[in-house]
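Here the structure is laid out as structure tokens; the discussion comes afterwards.
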Amino acid sequence: MILLALAVLPAVALWLLAAGRGLDHRTVSTVSLAASLVALACTVAAVVARPEVDRPWVPALGLRWQLGVDGISAPLLLLTAALGVAVVAHSRSRPPAGGTSSAFHSCLLLVEFGALATFLTRDAVLFFVAFEVVLVPMWVLITRFGDAHRPAARADAGGRFVLYTALGSTLMLIGILALVQAAGTADLTILAEAAGHGIPLHTQTVVAALLTAGLAIKVPVWPLHTWLPPAHTTAPTAGSVLLAAVLLKMGTYGLVRLPLATVPGGFARLAPALAVLGAVGILWGGLACLVERDLKRLVAYSSVAHMGFVVLALAAGSSTGLQAALFANVAHGVISALLFVVVGGLKERWGSADLETARAALREVAPRLGFSLLLGLAAALGLPGLAGFWGEWLAVYAAWSPAPDRPLGLLRACAVAAVLGTVLAAGYALRVARLVWSGARTEPRVEDARSVEWGVIAALVAAVVVLGVLPGPLLATTSSAASALVGAAP
Amino acid sequence: MTGPLAIDAAVLAPVLAPAGGALFVLVLDAIAPRRGAVHAWVGVLALVLGISSAVPGALRAPGNPLRTLCLPAPDGACFYDAGPLASALQLGALFSTLVVLLLLWPVPPVPTPAPAAPAAPAAPGQPSPRFWVPGRRGSAASAHPIAGGGAPMRGGPAVLVALLLAGTAGATAVAAATDLGSWLVALELATLPAIALVALGGTRPAIEGAVSLLLTSLLSFAVAVLGAALWVVASGEAVFTTGAVARATATPERSAVLGLAVLLLVAGLGFKLSLVPFHAWTPQAYAGGSEPVAAFLAATSKIAALAALVVVLRPLAEAGHAAVVAVAVLAAASMTVGNVLALVQDDPVRLLAWSTVAQAGWVVMPLAAVRPTSLPAAGGYVLAYALATLLAFGVVVLVGAGLRDAPAALGRGVPHGRSLTAYRGLLRTRPLLGAALGLALVSLAGLPPGILGLAAKVLALQPVVAAGLWPLALVAVANAVVGIAVYLRWFALLVQPPEPVASAAAVAAPAAPAPPGAVAAVALTGIALAVTCIAPQLVLGLVG
């Protein structure tokens, strides 16, 4: 079952690449939609049934197809599969510019496949392989299907994305190989149960440093975030959504699965530095958003700030912190997906996303888009009743009362910085609302969201509200796995 | 069992088949000259025979190598000793030569396509089939107006096939040679035909490349012989065995001499593997000769050199001798220099030449860590690299052929096949060819979907990390990133939309028939690479 969910995406993608050149956009879109729906159904089934797969693949490397679902991966799997359907549906009414529709959709499906495989895998080396799968299709999405007006910027952004993340994943590979060498197994479940027992603290620190440095590029943690804004600015809407909502999650998920779970002793030594970097990221992202002129880039910087919260919560080391990080992860996935769908749509309508250009107020001409933008911004600044609230405030709480082995004063200072960051978030949210949403201008008119686009936006809005009002089910899903991870630490 | 030496012809078949094939081709040519296709078929037969006889050896257990040429019982030393790694490298060398032979396949002399070219009177009425040599065009284009004609490589089909087979016999022999004498002879047998092949290109750059190759290989041979002599001094024996190493390491003075011997042997082989700082001949020889010959240098020759290196290092790795660490410096330097220079090349053959230098660094990198997994890791990496690079060369040959046979496009100033811009939009205009090249490039870069390259990269890094060689590992990380930049630069052109002028010309000029041998070569390597990307074990499992 679980293998079926994995195999349908690349199979359809390959078929589209090989045979889809002559097909028109509609047909390709329908086929991809069907594939992503099948993948969603299989993912739901896998989350409910929790099957396990374990068979050898490359014995020369000790590489195994070892797949499974647990409380940590289940929400991310559902998020990925659901957004996979959403991006394919969203692209239905807009044929991609810059290449064939089949190539575009096969890249989307391959990115989704890589992300699902990353979240499913239980083998450390296979995790690296799955992590790498998304690179080439995402690079094609950015360089071929990105912002049609600026080819040089596209090439630059795509190259940066691939080279930065490849650097990160190769560093992570070195860490994984060192970990496997020290622990004698690549099975993530066994590694998490052992929680670093039997590995000398020095080795743990080296391994944790390599893994954290590699994954921090993907997350991205300040100051390694410089690949993210250009990639977001130039990527097509569907690419931005996948990038923010799925690819960044692979970084934080990797931080939980690899350094935090397998070498907690080493990770604890790095945690203070990571907390500081997270807090700096929150402030940096917020400040950048206050002055940023490009709306898409602004949302990208706000992603940097949100990932700062996740990293801060992870660094706190407590079970609450881990829960906060996992919740904030999913919440950011939904919120950023919503924001990028809305902002991407606006950029397509406006022709650019420059905030200095005087435009019609969205409140007047496109109330649906305006409302969802406002709601997304409100959720991003952590307003109660919306998805962002729980993740951010739990993160601040976790940093205020961290695990006993963490430096209390430093983490409390970081918590204060994080609170300041939410004030900045309120500032930039109001700035965007003032520039884009309010006002009395009604020219030039833009079309409001309709049909599929509105459907996708409405679903995301609903998800943001539901996660905000009813955080219980998600927190319950992750709680046992989270306390098991933290409890196993020495 | 005749005489004092026990000879088992079946075990020796991977060497005997290509060697016998080479002799047979020459005899055949003497009896019945001017029969091009027959020679090539004999070559294919000999190589297939060699491949099928090398497979059983590659599938054996590591502790149970195939041995022959053994002395009688009391002494019992065997001069031919092929474990699974040696057999897998023999397999790789034979397969690479098969692909090169297909790339060089003789085409019957066809008149130039009628509407195509008043300016390209391609040697009309030439009676014998000629070997198809795309590489000459790049250099001769300015000098001769018949640039599109593809003049035959000198020497004739029989000589070319015989040289290819002889070089392959040397490669398969050196992999299994345990005594210094056969090792040195086999190494030269693997090298000299390659020099001749480059020289037979006949153009001025080809001769220059051949001379440069000849000089460096003579020098390297001298260095290797000196190393071999020191080995004998240190160990008192002319064999590469654990026993010899153990005797040499027993006393510190002898151990130092052994270290010097290993350094010289590694330096001698470094020329052949084109490791920095012994790499200078590489771009010259690759770009001077024709593309198939460059493929031979990049695949068969590299496998032969690594096989020779494995023979030297195997007893040392078992004894844990520290001299091996010198390899780390060569590996780091090769990767860095090769990648950085590949980044600025515009000629695809030169790019592949510098990429070879960088990949050679990756190949020898695991050898720097003295661990039991080092040698199989290097072997697995070289096989994965050879497969991908052969595919890339095959596509370069085909793209060059398409442009050569479309002089209308040439006439409009479209750059010929020796520039990366010729590949713009290849995925759109010729999807299968573009997909094949794309797979080869991502495999060389070590990115999915080129899982084979990715797995090989993991395999090569494993012993380095296990041995705790952190500086080398970090250099490798940086080079993995630069390498991705190198290959993506080319890959990016594939996915771009084709140039409107080029596509119009392609539509206007009827597509010339592609050389069937090169098509077969690309199909063979393409399918092999695609299959092994799904199941990398098929390649990486061979090395034991």
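Rank A:Asp187, A:Asp123, A:Asp54 by accessible area, highest first, at a 1.4 Å probe radius? Mind dumping the intermediate values first?
Working: A:Asp187 25, A:Asp123 5, A:Asp54 85 Å².
These residues rank, largest area first, as A:Asp54, A:Asp187, A:Asp123.
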In the P(r) worked out for the range A:254-382, what percent of Cα pairs fall beyond 17 Å?
-> 62 percent
Ignoring ligands, DNA and RNA, how do A:Leu283, A:Leu188 rank by accessible area with a 1.4 Å probe, largest first?
-> A:Leu283, A:Leu188
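Taking N as the number of residues in the range A:1-127, what is its alpha-carbon radius of gyration divided by 2.2 N^0.38 Å?
Values: Rg = 15.2 Å, N = 127, 2.2 N^0.38 = 13.9 Å.
Compared with the compact-globule rule of thumb, the range A:1-127 sits at 1.10.
Any chance you could run the full-extension gain for A:Thr357 through A:Ala45? It's 0.36 nm times the residue separation minus the Cα-Cα distance, nm to one decimal. Please list the in-between numbers first.
Working: separation 312, 0.36 × 312 = 112.32 nm, distance 4.78 nm.
Length difference between fully extended and current span is 107.5 nm.
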Buried by partner chains in the range A:39-83 (accessible area down by at least 20 Å² vs chain alone, 1.4 Å probe, heavy atoms, protein only) are A:Trp57, A:Val58, A:Pro59, A:Ala60, A:Leu61
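What FRET efficiency comes out for B:Leu219 versus B:Trp470 if R0 is 35 angstrom and r is the Cβ-Cβ distance? Round to the nearest 0.05. All intermediate terms of the calculation are to be shown ahead of the outcome.
Working: r = 34 Å, r/R0 = 0.98.
After rounding to 0.05, the efficiency reads 0.55.
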For B:Glu499, the accessible surface traced by a 1.4 Å probe with all protein chains present amounts, in square angstrom to the nearest 10, to 80 Å²
At what distance in nm do the modelled label points of A:Leu470 and B:Ala246 sit from each other, each positioned 7 Å from its Cα along Cα→Cβ?
-> 7.3 nm
Let me know the volume per residue of the alpha-carbon convex hull for the range A:176-237, in Å³.
-> 113 Å³
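Mind ordering B:241-248, B:533-540 by average Cβ neighbours within 10 Å, highest first? Spell out each step's value before the answer.
Details: B:241-248: 18.5, B:533-540: 20.2.
Averaged packing, sorted descending, gives the order B:533-540, B:241-248.
Using a 1.4 Å probe on protein heavy atoms only, how many Å² of accessible area do A and B hide from each other, summed over both chains and rounded to 100? Mind showing how you got there, number by number?
Details: alone 17050 and 19820 Å², together 34040 Å².
Accessible area lost upon association: around 2800 Å².
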Would you mind telling me the share, in percent, of accessible area of the protein assembly as shown contributed by carbon and sulfur at probe 1.4 angstrom?
-> 71 percent
Using the eigenvalues of the Cα gyration tensor, what equivalent ellipsoid semi-axes result for the protein assembly as shown when each is taken as the square root of five times the eigenvalue, whole Å, largest first?
-> 54, 36, 22
Heavy-atom accessible area, 1.4 Å probe, ligands and nucleic acids excluded: residues of the range B:449-476 down by at least 40 Å² from chain alone = B:Leu454, B:Val458, B:Leu461, B:Gln462, B:Val465, B:Trp470
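So for A:Val436, A:Val452, what's the accessible-area order with a 1.4 Å probe, most first?
Values: A:Val436 5, A:Val452 50 Å².
Of A:Val436, A:Val452, the descending order of accessible area is A:Val452, A:Val436.
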Please give every one of the lysines within straight-line cross-link reach of A:Lys347, meaning a C-alpha to C-alpha distance under 18 Å, and leave out same-chain neighbours fewer than 8 residues apart.
-> A:Lys296
May I ask you to list the lysines whose Cα is less than 18 Å away from that of B:Lys302, ignoring any residue fewer than eight positions away on the same chain?
-> B:Lys272, B:Lys457
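As a test, work out the antiparallel percent of DSSP beta bridges whose residues both lie in chain A, rounded to the nearest 5.
If we restrict to bridges inside chain A, about 100 percent are antiparallel.
So what is the accessible area of the range A:2-488 per residue, in Å², with the probe set to 1.4 Å?
Working: 15310 Å² over 487 residues.
Averaged over the residues of the range A:2-488, the accessible area is 31 Å².
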Give the accessible area for B:Ile207 in Å² (nearest 10); use a 1.4 Å probe, count only protein heavy atoms, and leave out ligands, DNA and RNA.
-> 80 Å²
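What percent does the relative contact order of chain A come to when contacts are Cα pairs within less than 8 Å and at least six residues apart?
That works out to 15 percent.
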In the range A:2-488, if every C-alpha pair distance is counted and binned at 20 Å from zero, what percent goes to each bin?
-> 26, 60, 14, 0
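With viscosity set to 1.002 mPa s at 20 °C, what whole-number translational diffusion coefficient in µm²/s follows for the range A:207-262 from Stokes-Einstein and a Kirkwood radius over Cα pairs? Present the calculation step by step, with values, prior to reporting the outcome.
Numbers: Rh = 11.7 Å.
Roughly 184 µm²/s, to the nearest whole number.
Please report the relative contact order for the range B:147-282, taking Cα pairs under 8 Å with a sequence separation of at least 6, and give it as a percent rounded to a whole number. Spell out each step's value before the answer.
Details: 161 pairs, mean separation 28.1, N = 136.
Dividing the mean separation by the residue count of the range B:147-282 yields 21 percent.
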Which value, in Å² rounded to 10, gives the accessible area of A:Glu392 with a 1.4 Å probe and all protein chains present?
-> 10 Å²
Delta accessible area of at least 40 Å² on complex formation, residues of the range A:107-132, 1.4 Å probe, chain isolated as reference = A:Glu132
When the dipole is taken about the Cα centre of the protein assembly as shown, and only Lys, Arg (+1) and Asp, Glu (-1) are charged at their Cβ, what size is it in debye, to the nearest 20?
-> 1640 debye
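The values are calculated or read from the model by the stated rules, or taken from the named source; none is laboratory data. Keep in mind it's a predicted model, so treat the numbers as computed, not measured. We place every Cβ from the backbone using ideal geometry, glycine too, and count neighbours over all the protein chains shown. Just so you know, the surface numbers come from the protein's heavy atoms only, side chains and all, with ligands and any DNA or RNA stripped out. Shrake-Rupley method; radii C 1.70, N 1.55, O 1.52, S 1.80 Å.
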